[in-house]
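S.K.: Sending over a structure as structure tokens; questions will come in a sec.
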Amino acid sequence: MTFPVVGMIGGGQLARMTHEAGIPLGVRFRILSDTPQDSAAQVVADVTVGDYRDLATLRAFAQGCDVLTFDHEHVPAEHLRALEADGVVVRPGPDALVHAQDKGVMRARLAEIGVPCPVNRIVTDPADVTRFAQEQAGGYPVVLKTVRGGYDGKGVWIARSEADAAEPFRAGVPVLAEEKVDFVRELAANVVRSPHGQAVAYPVVESVQVDGVCDTVIAPAPGLSDALSARAQQLALTVARELGVVGHLAVELFETRAADGGSAILVNELAMRPHNSGHWTMDGAVTSQFANHLRAVLDLPLGDPRPRARWTVMANVLGGDFPDMYAAYLHCMARDPGLKIHMYGKDVKPGRKVGHVNTYGDDLADVRERARHAADYLRGTIDE
């Protein structure tokens, strides 16, 4: 066969949905999964179970793959450089990926290229956090982040005093201190870039977080001015170009009030893989983030990122006390024939992302209510 083999490191729901996007293209797909029970391992035919932190395992997995890409950003950069030295095509490459792996490296590089970010610096101990708070952030509270390994609110603390600042240092990794931004809302700009420099930008979305976890995404962000939307898209495209990203890049943003009373944006986080803020594209865009990520890593022409409907809302389905979500399908599908349900094959645990729903239409209030109702009914927090 002449169709390429894409190897994805990681077997979570992002790999599961990327595999789904590759099926119509005839792309052959392999995954390196932690366990046979992982989300993607349940549906992908070619699965290697192994440790992504082991170079020998990575080398064996890469044999026969035309390109390697990622469902997460935790593969050691030195291993990826070794693979590239072996002639393996890795996209995004380690020099780009390190900016999503290490928040200190990311902040320093974004400052170099003039990207607006919260005031920040690496701190050494709780007393240094207090000095940062007094000198840089206008006093407590401040945000503390471990530079590596954090996600979905993990590895992030709000310190309101020097005593609060002790916990992050117990992880044994460097800690980044940032001003606590008084933001209006959170936004995300999703872009995709190919090796030859073609890039596309999806509409900027509003991302609603609950307890540090993405709850709802609204596409496009309601009430966002054309000027600020274009600014966010251009900023994300600039970051993708300057960092050499190949594939999907999510730029998480804070919308803030500017000194003149208008709005401004600050970059909060980067993700170099398909991202929760782009799940709406599976049903709401001409070409999904997953399909475009595959096109990018294979250096194919990118697909149209434009929305199919005026509004699309994605709501995450989190685990609760109701494990039999399939039983809820009857009600959800009968109530809303236009509802799109995407489940990840995960065991239901409280607070765990086990799926998402997408709704779309012309009336934002109606679209939001439909998504919220379905997600809550599947979780079991409502029963009518």
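S.K.: Looking at G247, G212, can you tell me which residue is touching a His at 6+ places or on another chain (Cβ under 8 Å) and within 30 Å of V354 (Cβ to Cβ)?
M.R.: None of the other options fit; the residue is G247.
S.K.: Which ranges mark the strands (runs of 3 or more DSSP E) fully within region 33-147 that have 3 or more residues being in contact with a Gly (Cβ under 8 Å, 6 or more places away or on another chain)?
M.R.: Numbers: elements: 46-49, 67-70, 120-123, 142-146.
In region 33-147, the matching strands (runs of 3 or more DSSP E) lie at 67-70.
S.K.: For region 1-26: of the residues being assigned to a helix (DSSP H, G or I) and touching an Asp or Glu at 6+ places or on another chain (Cβ under 7 Å), which is surrounded by the fewest Cβ atoms within 10 Å (Cβ to Cβ)?
M.R.: Per the stated criteria, the residue is L14.
S.K.: Follow-up question, since we're still on this one. For region 27-44, does any single residue satisfy the condition of being touching a residue at least 24 places away in the same chain (Cβ under 8 Å), among the polar types (S, T, N, Q), crowded, with 24+ Cβ neighbours inside 10 Å and closer than 20 Å to G149 by Cα?
M.R.: No.
S.K.: Going by the conditions given, is K346 among the charged types (D, E, K, R) and farther than 30 Å from G223 by Cα?
M.R.: Numbers: among the charged types (D, E, K, R): yes; farther than 30 Å from G223 by Cα: yes.
So K346 fits the description; yes.
S.K.: Filter region 180-195 down to residues that are surrounded by fewer than 22 Cβ atoms within 10 Å (Cβ to Cβ) and either at pLDDT 95 or above or touching a strand residue (DSSP E or B) at 6+ places or on another chain (Cβ under 6 Å) (or both), then give me how many there are.
M.R.: Of the residues in region 180-195, 8 are surrounded by fewer than 22 Cβ atoms within 10 Å (Cβ to Cβ) and either at pLDDT 95 or above or touching a strand residue (DSSP E or B) at 6+ places or on another chain (Cβ under 6 Å) (or both).
S.K.: Residues that are surrounded by fewer than 21 Cβ atoms within 10 Å (Cβ to Cβ) and within 30 Å of H196 (Cα to Cα): does region 128-139 have at least one?
M.R.: There is no residue in region 128-139 that is surrounded by fewer than 21 Cβ atoms within 10 Å (Cβ to Cβ) and within 30 Å of H196 (Cα to Cα).
S.K.: Give the number of residues within region 327-371 that are out of contact with any strand residue (DSSP E or B) (no Cβ under 6 Å at 6 or more places or on another chain) and part of a helix (DSSP H, G or I).
M.R.: Count: 12.
S.K.: In region 40-69, what residues are closer than 25 Å to Y344 by Cα and of a type in the set (V, I, T)?
M.R.: V43, V44, V47, T48, V49, V67, T69, listed by residue number.
S.K.: Out of contact with any Leu (no Cβ under 7 Å at 6 or more places or on another chain) and free of Cβ contacts under 8 Å to residues at least 60 places away in the same chain, is that true of R310?
M.R.: On the way: out of contact with any Leu (no Cβ under 7 Å at 6 or more places or on another chain): yes; free of Cβ contacts under 8 Å to residues at least 60 places away in the same chain: yes.
For R310, the condition - out of contact with any Leu (no Cβ under 7 Å at 6 or more places or on another chain) and free of Cβ contacts under 8 Å to residues at least 60 places away in the same chain - is met.
S.K.: Of all residues in region 188-227, count the ones that are part of a helix (DSSP H, G or I) and under 24 Å from G361 (Cα atoms). Lay out the reasoning, then the answer.
M.R.: So the first thing to find is which residues in region 188-227 are part of a helix (DSSP H, G or I), and the list is 226-227.
When the remaining residues are screened for being under 24 Å from G361 (Cα atoms), the result is 226.
Of the residues in that region, 1 qualify.
S.K.: Next up: Is it the case that some residue within region 240-252 is surrounded by fewer than 19 Cβ atoms within 10 Å (Cβ to Cβ) and in contact with a helix residue (DSSP H, G or I) (Cβ under 6 Å, 6 or more places away or on another chain)?
M.R.: Yes: one or more hits.
S.K.: Which residues, taken from region 315-333, are modelled with pLDDT of 95 or more and touching a Ser or Thr at 6+ places or on another chain (Cβ under 7 Å)?
M.R.: A315
S.K.: Then there's this: Could you list, in sequence order, all residues of region 122-138 that are modelled with pLDDT of 90 or more and either within 29 Å of the chain's Cα centre (by Cα) or of a type outside the set (D, E, K, R) (or both)?
M.R.: I122, V123, T124, P126, A127, V129, T130, F132, A133, Q134
S.K.: Also, I was wondering about something else. Go through region 139-150 residue by residue and tally those that are within 24 Å of the chain's Cα centre (by Cα) and at positive phi.
M.R.: Number of matching residues: 1.
The values are calculated or read from the model by the stated rules, or taken from the named source; none is laboratory data. Quick caveat: nothing in here was measured; it's all calculated off a predicted structure. For neighbour counting, all protein chains shown are included, and Cβ atoms are generated from backbone atoms with ideal geometry for every residue, glycine included.
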